[in-house]
1. Measure off 7 Å from each Cα along the Cα-to-Cβ vector at MET81 and TYR196, then give the distance between these two points in nanometres to one decimal.
2. How would TYR228, TYR115 line up from fewest to most surrounding beta-carbon atoms within 10 angstrom?
3. Hey, quick one: spin label on GLU178, modelled 7 Å out along Cα-Cβ, who in region 216-231 has an amide N within reach, i.e. under 18 Å?
4. Please rank ILE106, ILE153, fewest neighbouring Cβ atoms within 10 Å first, as an exposure proxy.
5. Using the Karplus curve 6.51 cos²θ - 1.76 cosθ + 1.60 with θ = phi - 60°, work out ³J(HN,Hα) for each residue of region 113-123 in order, rounded to whole Hz, and write x for Gly and Pro.
6. As an exercise, identify the trypsin sites (Lys or Arg not before Pro) in region 178-220 lying in DSSP coil whose Cβ has no more than 15 other Cβ atoms within 10 Å.
7. Can you classify region 89-219 as rounded, prolate or oblate using the Cα gyration tensor, where a ≥ b ≥ c are the square roots of its eigenvalues, rounded means a/c under 1.5, and otherwise it's prolate if a/b beats b/c and oblate if not?
8. Provide ILE80, ILE222, ILE129, ILE119 in ascending order of the number of other Cβ atoms located within 10 Å of each residue's Cβ, fewest first.
Amino acid sequence: MGCFTETEQYSYAEGVQSQSPASRSARWVEKANSLRTPQGFRNTYAEGVKSQSPASRSARWDTIDAQPYTPKGFNKTRRIMSQSLVQIYVHLVFSTKNRQPFLRDIGLREQMHAYLVGICKNQSSPSLITGGVEDHVHLLCRLSKTLDVATLIRELKRESSKWVKTEDRRLSAFHWQEGYGAFSVSPSHVDALKQYITNQSEHHKRETFQDEFRRLCRKYGIKIDERYAWD
């Protein structure tokens with residue numbers, strides 16, 4: 001077995017402060033006044049290791065042809081992408097100002113419904129169906145996870161009002177009512193509600209908008225103040 005004496009000069013691998021030249025883990029190179037890397041190794045350390053003796057058993061050195069790896073006891077940092085999953089169906093109902101039949105023309109009514117669908121899309125709250133008659137609309141949408149109902153209603157009313165006034169000068173006085181109804185919908189009831197909105201024209205041959213709105217509020221346990229509900 002070899003030994004280290006004052007008359008012998010050995011260099012250490014880069015970054016190593018002390019090491020027995022008798023170590024079997026790497027062959028050392030004798031050279032005075034300079035530091036050398038053991039033969040067969042490059043002068044880099046395993047990923048995440050700042051300094052390491054080649055004789056240490058805690059981490060294998062990075063060989064010339066090997067790819068860097070994480071030594072035992074170290075963890076690579078990985079970025080984990082989180083998810084926020086939301087599915088909230090909302091049934092929106094609101095009328096024209098004072099329930100004026102501004103949307104009596106069927107062609108204009110259909111354009112209005114299509115325009116409302118586009119607004120929902122722009123607000124990341126896709127509409128499943130939009131319908132109604134001459135004095136009010138029903139809209140079923142999937143509410144965005146970053147949007148509240150009041151903001152969506154505001155955008156729907158504001159943008160559609162501006163648009164319809166440019167379509168027909170006779171509608172320069174067009175306004176939606178200030179209030180609205182917003183009702184949560186169970187996924188299991190979505191299909192039935194879509195059918196209900198599709199059949200609005202037939203339905204309102206038997207029931208006025210006011211009676212319909214009262215019925216919806218009763219169904220959801222909402223008390224309304226008749227003095228302010230019909231603006």
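No lab work stands behind these numbers, since they all come straight from the coordinates. The shown structure was predicted, so the numbers you read here are calculated from the model rather than taken from an experiment. Quick reminder, even Gly has a Cβ in these numbers, built from the backbone with ideal geometry, and neighbours come from all protein chains shown.
1. 3.8 nm
2. Numbers: TYR228 9, TYR115 17.
Fewest-to-most ranking of TYR228, TYR115: TYR228, TYR115.
3. Output list for this probe position: 224-231.
4. Values: ILE106 11, ILE153 19.
The order, fewest Cβ neighbours first, is ILE106, ILE153.
5. Once rounded to whole Hz, the list reads 4, 5, 5, 5, 4, x, 5, 4, 4, 5, 9.
6. Working: sites: LYS194, LYS205, ARG206, ARG214, ARG215, ARG218, LYS219; in loops: LYS205, ARG206.
Listed in order of number, the matching sites are LYS205, ARG206.
7. On the way: a/c = 1.61, a/b = 1.15, b/c = 1.41.
Judged from the Cα gyration tensor, region 89-219 comes out oblate (a/c at least 1.5, b/c at or above a/b).
8. Numbers: ILE80 4, ILE222 11, ILE129 17, ILE119 21.
Ordered by Cβ neighbours within 10 Å, fewest first: ILE80, ILE222, ILE129, ILE119.
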